[in-house]
1. Looking at Pro115, Pro125, Pro136, which one is crowded, with 16+ Cβ neighbours inside 10 Å and either more than 13 Å from the chain's Cα centre (by Cα) or in a helix (DSSP H, G or I) (or both)?
2. Test Gly64 against the criterion of being on the phi > 0 side of the Ramachandran plot and without any contact (Cβ under 8 Å) to a residue 40 or more places away in the chain, and give yes or no.
3. Could you run through the stretch 36-85 and say how many residues are aromatic (Phe, Trp, Tyr) and at pLDDT below 95?
4. Does the stretch 66-125 hold any residues that are within 18 Å of Ala146 (Cβ to Cβ), touching a Lys or Arg at 6+ places or on another chain (Cβ under 9 Å) and of a type in the set (D, E, K, R), and which are they?
5. All but one of (1) free of Cβ contacts under 8 Å to residues at least 40 places away in the same chain; (2) open to solvent by 20 Å² or more (accessible area, probe 1.4 Å); (3) over 26 Å from Val80 (Cα atoms); (4) touching a Gly at 6+ places or on another chain (Cβ under 9 Å) hold for Asp130, so report the exception by its number.
6. Of (1) open to solvent by less than 60 Å² (accessible area, probe 1.4 Å); (2) outside any helix (DSSP H, G or I); (3) on the phi < 0 side of the Ramachandran plot, Gln102 satisfies all except one. Which?
7. Please enumerate the residues belonging to the stretch 1-57 that are among the small types (Gly, Ala, Ser) and open to solvent by 60 Å² or more (accessible area, probe 1.4 Å).
8. Just to verify a result, which residue in the stretch 19-40, among those that are assigned to a loop (DSSP other than H, G, I, E, B) and touching a residue at least 60 places away in the same chain (Cβ under 8 Å), is farthest from Leu69 (Cα to Cα)?
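The values are calculated or read from the model by the stated rules, or taken from the named source; none is laboratory data. None of the values given here were measured: they were computed from a predicted structure. For neighbour counting, all protein chains shown are included, and Cβ atoms are generated from backbone atoms with ideal geometry for every residue, glycine included. We work out accessible area using only protein heavy atoms, side chains counted, and drop any ligands, DNA or RNA first. Shrake-Rupley method; radii C 1.70, N 1.55, O 1.52, S 1.80 Å.
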Amino acid sequence: MSDYYDAFEMSPVPAPGPDTTPPEPFRGIYGMPAFVTIPTSDLAASVDFWTRGLGFFELFSIPGRVVHLRRWAFQDVLLVPAESVPEQAPAMSVSFACVLGQVDSLVEACRALRPDSVDGPRDTPWNTRDIAVITPENARIVFTAAKPFDPASQEARSLEAVGITPPGVGRGDNEEHA
């Protein structure tokens, strides 16, 4: 991991913290560097769940063809009509960043619409708090919120063991680890 560098200024994801607020929904048009296309047999029900449960908004739609949903910049989902959807969610998932203050409200909103749709929250070894949501299309969507960095935590030690150090700490040296 010695060839990486901090490039957080490119991301809409804010620095983690207990009072971090999420960015506003992004309504600009841009060339999408990545997006997910999800087939649905009930476009209206899917749009309802994604907007009311997951906090996306409808950027635009082409009736009967596609609904383009978005939250923050670079969090794009295309819902497209299909005859049927898988009977169960695949092991594969797609993840979207959120902030810690959104985790509980996402869980509540999704469970209000589909009571058994959420697994978690759970903390990860890479210092995030995640929830997994199964949508009406049986897509597995993970919302992941970075937790504030605690240099004395097991997560910090695990990240350092693979070469990821906090900003301001030299790559490969320990002079600031006193």
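1. Values: Pro115 fails: crowded, with 16+ Cβ neighbours inside 10 Å; Pro125 fails: crowded, with 16+ Cβ neighbours inside 10 Å.
Result: Pro136 is the single residue among Pro115, Pro125, Pro136 that is crowded, with 16+ Cβ neighbours inside 10 Å and either more than 13 Å from the chain's Cα centre (by Cα) or in a helix (DSSP H, G or I) (or both).
2. Details: on the phi > 0 side of the Ramachandran plot: yes; without any contact (Cβ under 8 Å) to a residue 40 or more places away in the chain: yes.
So Gly64 passes the test.
3. Narrowing the stretch 36-85 to residues aromatic (Phe, Trp, Tyr): 49-50, 56-57, 60, 72, 74.
Narrowing further to those that are at pLDDT below 95: none.
Within the stretch 36-85, residues that are aromatic (Phe, Trp, Tyr) and at pLDDT below 95 number 0.
4. Arg122, Asp123
5. (2)
6. (2)
7. Going residue by residue through the stretch 1-57, those that are among the small types (Gly, Ala, Ser) are 2, 7, 11, 15, 17, 28, 31, 34, 41, 44-46, 53, 55.
Ser2, Ala15, Gly31, Ala34, Ser41, Ala44 - these are the residues of the stretch 1-57 that are among the small types (Gly, Ala, Ser) and open to solvent by 60 Å² or more (accessible area, probe 1.4 Å).
8. Applying the first criterion (assigned to a loop (DSSP other than H, G, I, E, B)) to the stretch 19-40 yields 19-35.
From what's left, touching a residue at least 60 places away in the same chain (Cβ under 8 Å): 19-22.
On the way: Asp19: 26, Thr20: 24, Thr21: 21, Pro22: 17 Å.
Ranking the qualifying residues of the stretch 19-40, first place goes to Asp19.
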